[in-house]
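A short worksheet on the structure shown next.
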Amino acid sequence: MEPEIFINFKHYNNAVGTNSEKLLADFKSIKNQDSLYYCVAETDLYLQKSFPELHIYGQHVDSNGYGAFTGSVSMESLLDLGVKGSLLNHSEKRVDSSIIESIVKKSKELGFKIILCVENLDEAEKYSKLEPAYIAYEPPELIGGDISVSTARPEIIGQAAEICKGRTKLLVGAGVKTKEDVDTSMALGAAGVLIASGIIKNAKPINRLVSLMGNR
Ligand code: G3P
């Protein structure tokens, strides 16, 4: 099975606005886009229309639909742009559990994919029961660092995979930098990885992504 690679652009200055568009244009040169997902800033989601061949996803969504909801990011509006999924509850954008429940429930009605981020195994247990499209396990203390989750916490990846089995797919993230990190995560039962700085902060993001993909 091909690893699914979710690239979180976060709000890094080289990955927002016109720079986001440049990065996506570079990434577009990769022929096999099947398992690649680009989670861009909310203000750049309109780019899905310019890059229909790419899977452009959000970084956060709200529970409300259309209406008097100032500042909202509704799933309905993303679907209207052709955006079919989003991260939710990232460590840098946490959400109350009652709101998570209603977003996941609604996402299934709308056919929208939620990548629900969790910080520990208790959250993995609690939220995998909601059966979102994915659970993304990221130990917050390793995010943005040089030690990958697959090096520092391999046993936890296996446990998280066991928890998610039969309910949802597992992604792992935090400090992911190399193909070995991806391979180890897959061997431990993950469906793929969620990665930010390892690609976006690299001097040549496209080269780094290609090397993470291996021969495909
Ligand atoms: O969403 C991905 C993220 O939080 C991990 O960040 O920079 O450690 O790859 P990074």
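The values are calculated or read from the model by the stated rules, or taken from the named source; none is laboratory data. Since we're looking at a predicted model, the values are computed, not measured. All Cβ positions, glycine included, derive from the backbone under ideal geometry; neighbour counts span all protein chains shown. When the accessible area is computed, the model is the full protein with side chains, heavy atoms only, and any ligands, DNA or RNA have been set aside. Shrake-Rupley method; radii C 1.70, N 1.55, O 1.52, S 1.80 Å.
Here are a few things to note about the model shown:
- Normalised convex hull volume, the range 65-105, alpha-carbon set, Å³ per residue: 92
- Accessible carbon and sulfur surface of the chain relative to its total accessible area, %, 1.4 Å: 50
- Förster radius 25 Å - calculated FRET efficiency between Lys31 and Arg94, Cβ distance, rounded to 0.05: 0.10
- A Förster distance of 45 Å, applied to the separation of the beta-carbon atoms of Glu42 and Ala187, puts the FRET efficiency at 0.85.
- Relative contact order for the chain, counting Cα pairs under 8 Å that sit 6 or more residues apart, in percent: 18
- Per residue, the convex hull spanned by the Cα atoms of the range 10-130 amounts to 120 cubic angstrom.
- Surface per residue (accessible, 1.4 Å probe) for the chain, Å²: 45
- Cα-based Lys pair tally, the range 87-146, threshold under 18 Å, eight or more apart or on separate chains: 9
- Point-to-point label distance, Thr18-Thr178, nm (Cα→Cβ direction, 7 Å offset): 3.8
- Inter-probe distance in nm under a simple model that places probes 7 Å from Cα toward Cβ, at Lys165 and Lys105: 3.0
- Using distinct alpha-carbon pairs, which all enter the 1/r mean, Kirkwood radius of the range 25-81 in Å: 12.4
- For the range 4-212, the orientation-averaged shadow of the C-alpha convex hull comes to 10.8 nm² (one quarter of the hull surface).
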